[in-house]
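The values are calculated or read from the model by the stated rules, or taken from the named source; none is laboratory data. On a predicted model such as this, the values are computed, not experimentally measured, just so you know. Heads up, the Cβs are rebuilt from the backbone with ideal geometry, glycines too, and the neighbour counts pull from every protein chain shown.
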Amino acid sequence: MTARRIPRFAWPAAFLLALAGLVTTLVIKARTAAPDPAAPTVTLIAQDQPTGGDPLRGLRPIIPAKPTADHTMFEALKQDFPDGPAVTAACLTCHTEASRQIMKTAHWTWICPRAKKKLEEEHHIAIGKAEHIINNFCVALPSNEPRCTSCHAGYGWKDKTFDFSDETLVDCLVCHDQTGQYKKFPTGAGHPVYKKDFPDGREWPKGSGKKWPPLDLSHIAQHVGPPTRTNCGTCHFFGGGGEGVKHGDMDVKLANPHRSLDVHMAADGMNFTCTQCHTTKEHFIAGRCFEVPAYEDRQFALRGVETNLLACEACHTTDPHPNYPKMNDHADKVSCQACHIPTMAREKATKTWWDWSKAGDKKRKPQPVFDTGEKDYDVKKGEFIWVRNVVPEYVWYNGAIKHTFMGDKIDDHTAHGDVCAQAHGDYDIMDPAKPAVLINRVQTGYDDPKARIWPAKIMRGIQPYDPVNKTLVIPKLFPSGPDAAEAYWKSYDWDRSIKAGMAYADLPYSGEYDWIQTEMIWPLKHTVAPMDAALACSECHQPDARLATLTGFYMPGRDSNAIVDTIGIALIIAAIALSLLHGLARIVFRPKGNAA
Amino acid sequence: MKRVKIYKRFERFWHWMQALLVILLALTGFDIHFDWGLFGFEKAVMLHKVFAWAFVILIAFAIFWHFTTGEWKQYIPMPSKTFAMVRFYLVGIFRGQPHPVKKTELSKLNPLQRLAYLGLKILVIPVLVTTGLLYYFYNDWEALGIESWPLAPIALIHTFAAFAMIAFMFAHIYLSTTGHTPLSNFKAMITGWEDLEHEAPTG
């Protein structure tokens, strides 16, 4: 027999050798994962560190470049500017193209420029804050301009008559001020407080006794530079009418964040400015604009070759976890944000519920929700729910968000629970038995190759609608213009304010209004946490965990089949039970005198 | 009675290694499936992967061994004696009747063992390994041209086969006590030696 020639230890020894080989290979591979030459990423540098761990080690914070021009030296800026447009006129004497560049962008038009053509073909309209967009915060722009446009990169958009072609009306300072002093007055249609109008300052909020001092425009104009986090935050940290209200991942804390809040923008870390990712070309700043995704491809990109670095993959490549191939495998269906933004509104609260129908109760006393000043009620605005450091909701998202536009017919009879199976209760008091309008929605799912699971803040609330025309209505909230007396914040009369708002927006109003629940999705993208704070597998791979409400796919650990499990367990129990019975029977019926 | 070397060294090593890996794979696999919290999802997945690859290597060696030694013939069913064997387990064993099929070096498995182990070798284990590999290489389905397949059936078949494997294991452990003495099979699988009735018919 040939088998006899093989030493008797051969088989087990060979197996053990093979096993040892496998383990050694795995260990060596994990220890010395070869860097991808095409991927100079943060994680690559982490691999160079023998102990792994902190990906920031070896990377230096970005030190702002020293400018080649000292703006305090320019004669054009050494003057006592009466107002903002005068400053802009001075800027334009050197930066001759600046206003014309800005005027093509959404920061000026409040209309998505890239989307314009496509959307005009698709919807026969242009869209943006300026046109057709409606939300469930302060509802819509028309008739409320002077308040809303305090965040317009311009001066004086107080009503429809605003001249969008006047280059001196562009506000350079709001984005380029480096002193931190420049602030647009909340109801000034984009103007700050001027010495000529308010030499002693201007009061805000009304009746508070707090004064906004007039600005030293000459000093500010002489201290300008590339936009900082604070510049962008002047508006974007205050979306929805107050700090942190709208986004759930943006508030004043991002101006100077700790590493735990934002690993990229950390002042003591990489110190990214917003434009590091929101790359800018000729004043056009990359980013999502309503229905238009922020980027189309998720690929490694070279700065200078590709102008859009918004996708995480642009820097981190598509295989950012060198030692965890299974984590890389997730990237086809799970966004980076899903695991790396563990909670939303981590340091400051965000609003998740806004019930306009409760507004106007002058006797109700607003109660503080958090120690940072958030209140549960505002007589002008209604009832709120605020949350801080909470688990977000998760949605399938492909970068595009579909909108319900002003004047679109809405469904005011189908119960919300029949349309949307999302669990409610933590962040809102939405009634699933009543209808709800999805003001924006992510119309996608597992089968869309571009869709991935994203964390999102979902804003819910109750707002007025026209039950006859079946449209969401635009109330005039802010008292301005000839019909200032009609505004809700003056009259506290919804009928009058809706009449005024709809007439201004040139939309039909039946004269009847009612209240309807609404919902809006705000995907979370900021406040990416350090690596060690990323979610553990079990945060999702468990029944009733973070992804409990997402359907259409099988997920290990979360999903099971009751029939398979029942039959399987029954098989095992049957095997054990029959064995026991059989064994018992053998003992009972043991033939006498038999050795067995 | 004759003392014979019934299980060779590799065979015993293979058997116990397989037993160990099956138990470890079941513990980690069901920890993933039922969220027992034994290892936690992340560690359980990692361990399951390591044990699974070890199992695949062991299977490769076992297949080689079976074919080079000719031991595969031990699993050829014996239809004519199968019923007698069933009858023995249901009736004969309680009356102290002898095994209807003699155990010899050249035929060490009884007809039911042959059927059960053959089923394990050509059905349960291949299904477990195939679905396991598909499961693990889920992200490469596109390259295999099967990207339109849903994951659920693969996952559920894998889970069901795992249940079947564990049910087999319990039955197998119990039936090992039905040998010459309750521990004779067990001892044989450890030492390799077993006292067998002489091959020549004894009155």
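You will find that of A:Gly552, A:Gly557, the residue that is buried (at least 18 other Cβ atoms within 10 Å of the Cβ), within 29 Å of the chain's Cα centre (by Cα) and at pLDDT below 95 is A:Gly557 and no other.
Could you list, in sequence order, all residues of the range A:428-465 that are among the charged types (D, E, K, R) and touching a Leu at 6+ places or on another chain (Cβ under 8 Å)?
Residues of the range A:428-465 that are among the charged types (D, E, K, R), as a first pass: A:428, A:431, A:434, A:441, A:447-448, A:450, A:452, A:457, A:460.
Scanning the range A:428-465 gives a single hit, A:Lys457.
The condition of being of a type in the set (Gly, Ala, Ser) and within 30 Å of B:Trp141 (Cα to Cα) holds for only one of A:Ala451, A:Ala487, A:Ala500, that being A:Ala451. Being at pLDDT 80 or above, surrounded by fewer than 15 Cβ atoms within 10 Å (Cβ to Cβ) and not β-branched (Val, Ile, Thr) is a description that does not apply to A:Lys118.
Could you grab me the full set of residues in the range A:270-293 that are among the charged types (D, E, K, R) and in contact with a strand residue (DSSP E or B) (Cβ under 8 Å, 6 or more places away or on another chain)? Of everything in the range A:270-293, just one residue is among the charged types (D, E, K, R) and in contact with a strand residue (DSSP E or B) (Cβ under 8 Å, 6 or more places away or on another chain), namely A:Glu291.
Do we find that A:Thr527 is touching a residue at least 24 places away in the same chain (Cβ under 8 Å), surrounded by fewer than 18 Cβ atoms within 10 Å (Cβ to Cβ) and of a type in the set (Val, Ile, Thr) in this structure? No, not satisfied.
Looking at this structure, is A:Thr527 within 29 Å of A:Ala456 (Cβ to Cβ) and more than 14 Å from chain B (Cβ to nearest Cβ)?
Details: within 29 Å of A:Ala456 (Cβ to Cβ): yes; more than 14 Å from chain B (Cβ to nearest Cβ): yes.
For A:Thr527, the condition - within 29 Å of A:Ala456 (Cβ to Cβ) and more than 14 Å from chain B (Cβ to nearest Cβ) - is met.
Residue under question is A:Pro227, and the condition is that it be touching a Cys at 6+ places or on another chain (Cβ under 9 Å), of a type outside the set (Ser, Thr, Tyr) and within 30 Å of A:Leu77 (Cβ to Cβ); does it hold? Yes, satisfied. Here the condition is being surrounded by 17 or more Cβ atoms within 10 Å (Cβ to Cβ) and either assigned to a helix (DSSP H, G or I) or modelled with pLDDT under 95 (or both); of B:Phe67, B:Phe83, B:Phe55, it holds for B:Phe55 alone. Would you confirm whether any residue within the range A:456-473 is touching a Pro at 6+ places or on another chain (Cβ under 7 Å), aliphatic (A, V, I, L, M) and closer than 24 Å to A:Ala503 by Cα? Within the range A:456-473, one or more residues are touching a Pro at 6+ places or on another chain (Cβ under 7 Å), aliphatic (A, V, I, L, M) and closer than 24 Å to A:Ala503 by Cα.
Hey, among the residues in the range B:45-88 that are of a type in the set (Ser, Thr, Tyr) and within 20 Å of the chain's Cα centre (by Cα), which one's farthest from B:Thr130 (Cα to Cα)?
To start, the set of residues in the range B:45-88 that are of a type in the set (Ser, Thr, Tyr) comprises B:68-69, B:75, B:80, B:82.
Applying the additional criterion that residues be within 20 Å of the chain's Cα centre (by Cα) yields B:68-69, B:75, B:82.
Working: B:Thr68: 24, B:Thr69: 26, B:Tyr75: 22, B:Thr82: 30 Å.
Per the criteria, the residue is B:Thr82.
Each residue in the range A:313-348 was checked for being in a loop (DSSP other than H, G, I, E, B) and more than 21 Å from A:Leu550 (Cβ to Cβ), and 12 of them qualify.
Please verify whether the range A:264-271 includes one or more residues that are within 14 Å of the chain's Cα centre (by Cα) and buried (at least 18 other Cβ atoms within 10 Å of the Cβ). Steps first, answer last, please.
Step one: of the range A:264-271, the residues within 14 Å of the chain's Cα centre (by Cα) are none.
No, the conditions are met nowhere in the range A:264-271.
Which residue is surrounded by the most Cβ atoms within 10 Å (Cβ to Cβ), if the candidates are limited to the range A:533-549 and must be more than 11 Å from chain B (Cβ to nearest Cβ) and either over 26 Å from the mean Cα position of the chain (by Cα) or under 21 Å from B:Gly37 (Cα atoms) (or both)? Result: A:Arg546.
Apart from one condition, A:Thr518 fits all of (1) buried (at least 24 other Cβ atoms within 10 Å of the Cβ); (2) touching a Phe, Trp or Tyr at 6+ places or on another chain (Cβ under 6 Å); (3) closer than 30 Å to A:Ala548 by Cα; the exception is (2). A:Phe589 satisfies every condition listed in (1) modelled with pLDDT of 90 or more; (2) in contact with a helix residue (DSSP H, G or I) (Cβ under 6 Å, 6 or more places away or on another chain); (3) within 7 Å of chain B (Cβ to nearest Cβ) except (1). I'd like the full set of residues that are under 16 Å from the mean Cα position of the chain (by Cα) and aliphatic (A, V, I, L, M), limited to the range A:274-306. Hits for the range A:274-306 are A:Ala286, A:Val292, A:Ala294. Among residues of the range A:206-249 being in contact with a helix residue (DSSP H, G or I) (Cβ under 6 Å, 6 or more places away or on another chain), in contact (Cβ under 8 Å) with a residue 24 or more places away in the chain and in a loop (DSSP other than H, G, I, E, B), the one that is surrounded by the fewest Cβ atoms within 10 Å (Cβ to Cβ) is A:Gln222. Within the option set A:Ala503, A:Ala596, being farther than 30 Å from A:Phe237 by Cβ and modelled with pLDDT of 95 or more holds for one residue only, A:Ala503.
A:Ile563 satisfies every condition listed in (1) out of contact with any helix residue (DSSP H, G or I) (no Cβ under 7 Å at 6 or more places or on another chain); (2) in a loop (DSSP other than H, G, I, E, B); (3) within 14 Å of chain B (Cβ to nearest Cβ) except (2).
Quick check, is A:Asp544 assigned to a helix (DSSP H, G or I), out of contact with any helix residue (DSSP H, G or I) (no Cβ under 6 Å at 6 or more places or on another chain) and not aliphatic (A, V, I, L, M)?
Against the criterion (assigned to a helix (DSSP H, G or I), out of contact with any helix residue (DSSP H, G or I) (no Cβ under 6 Å at 6 or more places or on another chain) and not aliphatic (A, V, I, L, M)), A:Asp544 does not qualify.
Under 6 Å by Cβ, and 6 or more places apart or on different chains, what pairs join a residue from the range B:79-99 that is closer than 14 Å to B:His180 by Cα and more than 10 Å from chain A (Cβ to nearest Cβ) with one that is outside any helix (DSSP H, G or I) and not aromatic (Phe, Trp, Tyr)? Taking only residues 6 or more apart or on different chains, the pairs are B:Phe88/B:Pro100.
Within the range B:123-156, the residues that satisfy the criterion of being without any contact (Cβ under 8 Å) to a residue 40 or more places away in the chain, under 18 Å from the mean Cα position of the chain (by Cα) and surrounded by 17 or more Cβ atoms within 10 Å (Cβ to Cβ) are B:Val127, B:Leu128, B:Thr131. Quick check on the range A:493-503. Is at least one of its residues part of a strand (DSSP E or B) and either under 27 Å from A:Asp159 (Cβ atoms) or in contact with a Phe, Trp or Tyr (Cβ under 8 Å, 6 or more places away or on another chain) (or both)? No: the range A:493-503 contains no residue that is part of a strand (DSSP E or B) and either under 27 Å from A:Asp159 (Cβ atoms) or in contact with a Phe, Trp or Tyr (Cβ under 8 Å, 6 or more places away or on another chain) (or both). Of the numbered conditions (1) over 26 Å from B:Tyr117 (Cβ atoms); (2) more than 10 Å from chain A (Cβ to nearest Cβ); (3) touching a Ser or Thr at 6+ places or on another chain (Cβ under 7 Å), B:Leu38 fails exactly one; give the number of that condition. In the conditions (1) over 26 Å from B:Tyr117 (Cβ atoms); (2) more than 10 Å from chain A (Cβ to nearest Cβ); (3) touching a Ser or Thr at 6+ places or on another chain (Cβ under 7 Å), B:Leu38 misses (3) alone. Taken over the range B:6-35, residues that are outside any helix (DSSP H, G or I) and within 11 Å of another protein chain (Cβ to nearest Cβ) amount to 2. Under the condition of being under 23 Å from A:Asp378 (Cα atoms) and basic (Lys, Arg), the residues counted in the range A:185-221 number 4.
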